[in-house]
Amino acid sequence: VTLFQAPKGASDVLPPRSGVFERVVRAGEDLFRRYGYRRVETPVFEDTGVFERSLQEGSEIVTKQMYTFTDRGSRSLTLKPDATAPVVRAVIEHGLDRAGLPVKLYYTSPIFRQERPQAGRRRQFTQIGVEALGSPGPEIDAEVIELAAAVLKAVGLEAALALNSIGHPGCRSEYLPVLVEFLNGRREELSKDSQFRIDRNPLRVFDSKEDADRKVMAGAPLIGDYLCGSCADHFDGVKELLTSAGIEFVVQQTLVRGLDYYTRTAFEFTSKGLGSQDAVGGGGRYDGLSEALGGDPLPGIGFALGVDRIALAVENLGPADEAALDVYVVTAADSQRRAALEAARRLREAGVSADIDFMSRGLKAQLKAADRAGARWSVVLGEREAAEGKVTLRDMASGEQSEIELGQVAARVKQ
Ligand code: HAM
């Protein structure tokens with residue numbers, strides 16, 4: 001046992017998984033830009049009120065999971081358990097909505113939730129996501145969902161898309177009393193957690209994984225039957241647009257999502273093979289969030305993908321086959337050491353990733369180090385080759401080698 005370990009539920013992301021992790025983030029950010037989103041960075045901590053107001057008092061994240069602390073100035077601060085509320089707070093604070101709508105923003109952010117840790121569920125994890133603010137229509141919903149699907153596809157993950165509409169507050173004020181009455185009627189059959197939720201957040205009973213709860217909920221009244229005309233039209237619009245974009249989805253009437261700010265569209269992507277924590281991303285519309293945070297009315301929709309979970313799922317598909325390094329520069333003779341440093345520099349300047357031995361190893365040990373580094377090629381500098389102005393380029397997988405000029409290595413490697 002070492003003197004220190006990472007805090008419970010907060011994990012280190014180490015190579016080679018960190019490489020998969022990085023690929024997911026890059027694929028996401030590339031696509032976000034391609035869809036017209038621009039980066040936003042918000043602080044790791046916020047005024048606690050930002051989350052109390054957006055996630056509501058009844059939500060589990062607020063009641064049980066926030067990392068809240070008082071700083072030396074007696075301010076109550078909270079490590080962000082969600083990136084959506086901070087982004088909306090920033091949009092309001094800086095009046096970004098005045099510069100033209102929609103405001104399209106993306107982020108890569110650490111998120112903190114004090115949950116019970118298990119495979120795929122961490123207390124610090126990373127999300128990539130987008131928020132689009134200003135448009136109330138179904139077209140932006142469809143674009144946002146399409147974008148999430150495109151990111152998952154780009155990293156090679158097959159994920160199922162579940163879609164629902166949970167209506168606007170007016171629909172819910174029709175529906176919730178009916179649901180609560182139903183739940184109260186079956187109270188004795190529900191788990192303790194679900195009983196507790198009846199008065200605080202009855203929709204969340206749909207999220208329970210307890211068998212007893214599921215049995216009860218199979219007969220529960222559904223929000224879909226209580227949507228007003230305009231929420232129903234909006235939902236039809238989203239479904240039509242997704243269908244014409246060729247995006248497969250299943251309407252899951254019990255999908256309610258765990259955060260309280262949602263209105264209308266709600267969606268979630270799940271991936272097989274991840275066990276119980278199988279949601280790789282989710283999102284939805286939050287038309288009342290800006291007002292809850294003291295801003296003008298500003299409809300919005302967005303999603304977040306869980307990078308840690310996606311990396312796990314992608315790893316399960318098979319080993320990451322990408323070489324970690326293009327070229328490892330090897331010296332056959334000490335006299336070539338300077339030339340080798342120079343060669344590595346030239347390769348890097350030419351856009352090739354290159355590394356070199358810093359541990360004074362012999363030739364054989366250097367080739368082993370090249371293997372360990374995941375190099376696709378090695379370049380061997382020897383006295384005889386140097387005299388001819390050449391190096392030996394070796395394919396690390398096949399062992400095939402040829403003598404070429406150093407200046408041509410970059411072009412060969414990039415082929
Ligand atoms: P969320 O569903 O709470 O949504 O989280 C999105 C994704 O983050 C999940 O699908 C999952 O992949 C990942 N995730 C959540 N909790 C954990 C955890 N404890 N450990 C590892 N990964 C986790 C949101 O956070 C919303 N802000 C999304 C959104 C954006 N809605 C509108 N705009």
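The values are calculated or read from the model by the stated rules, or taken from the named source; none is laboratory data. Quantities reported herein were computed from a predicted structural model and do not represent experimental measurements. Please note: Cβ atoms are built from the backbone with ideal geometry, for glycine as well, and neighbour counts cover all protein chains shown. Surface accessibility is based on the protein's heavy atoms, side chains included, excluding ligands, DNA and RNA. Shrake-Rupley method; radii C 1.70, N 1.55, O 1.52, S 1.80 Å.
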Problem set entry | Of the chymotrypsin sites (Phe, Trp or Tyr not before Pro) in region 1-41, those whose Cβ has at most 12 other Cβ within 10 Å and which sit in DSSP loop | Phe4
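Report the full-extension gain for the segment Arg34 to Glu403: residue separation times 0.36 nm, less the Cα-Cα distance, to one decimal in nm.
128.6 nm
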Exercise. Can you give the FRET efficiency for Ser244 and Arg214, using 1/(1 + (r/R0)^6), R0 = 45 Å, r = Cβ-Cβ distance, to the nearest 0.05?
Worked result: 0.85
Exercise. Which chymotrypsin sites (Phe, Trp or Tyr not before Pro) from region 321-415 combine a DSSP loop assignment with at most 16 other Cβ atoms within 10 Å?
Worked result: Phe358
Exercise. Using a Gaussian network for the chain with springs between C-alpha atoms less than 10 Å apart, which of these wobbles most: Met396, Met66, Met359?
Worked result: Met359
For this session: Could you list which residues have their amide H under 5 Å from that of His168, counting only those 5 or more apart in sequence or on another chain, with H placed in the peptide plane?
Result: Cys228, Arg264
For this session: Under 11 Å from the Cβ of Arg113, count the other residues' Cβ atoms, weight Lys and Arg +1, Asp and Glu -1, and hand me the total.
Result: +3
Problem set entry | At R0 = 30 Å, FRET efficiency that the Cβ-Cβ distance of Ser230 and Arg200 yields, to 0.05 | 0.60
For this session: Between the alpha-carbon centers of region 97-160 and region 162-195, tell me the distance in whole angstrom.
Result: 27 Å
Problem set entry | Of the GluC sites (Glu not before Pro) in region 124-172, those whose Cβ has at most 16 other Cβ within 10 Å and which sit in DSSP loop | Glu158
Exercise. Pick from Thr243, Thr70, Thr265: which residue has the top mean-square fluctuation in a GNM of the chain where Cα pairs under 10 Å get a spring?
Worked result: Thr70
For this session: Quick one: give the max-minus-min coordinate of the C-alpha atoms of region 53-195 along each principal axis, largest first, in Å.
Result: 52, 46, 37
Exercise. Heavy-atom accessible area of Ser402 with all protein chains present, probe 1.4 Å, nearest 10 Å²?
Worked result: 40 Å²
Problem set entry | Which listed pairs, of Lys8/Lys104; Lys64/Lys153; Lys104/Lys153, have C-alpha distances above 27 Å, in listed order | Lys8/Lys104; Lys64/Lys153
Problem set entry | Cross-link reach list, lysines versus Lys215, counting only Cα pairs under 25 Å and skipping chain neighbours closer than eight places | Lys192, Lys272
For this session: Pick out which of Ser353, Ser194, Ser54 has the largest mean-square fluctuation in a Gaussian network model of the chain, springs linking Cα atoms closer than 10 Å.
Result: Ser353
Exercise. How big is the C-alpha Rg of the chain next to the rule-of-thumb value 2.2 N^0.38 Å, as a ratio?
Worked result: 1.22
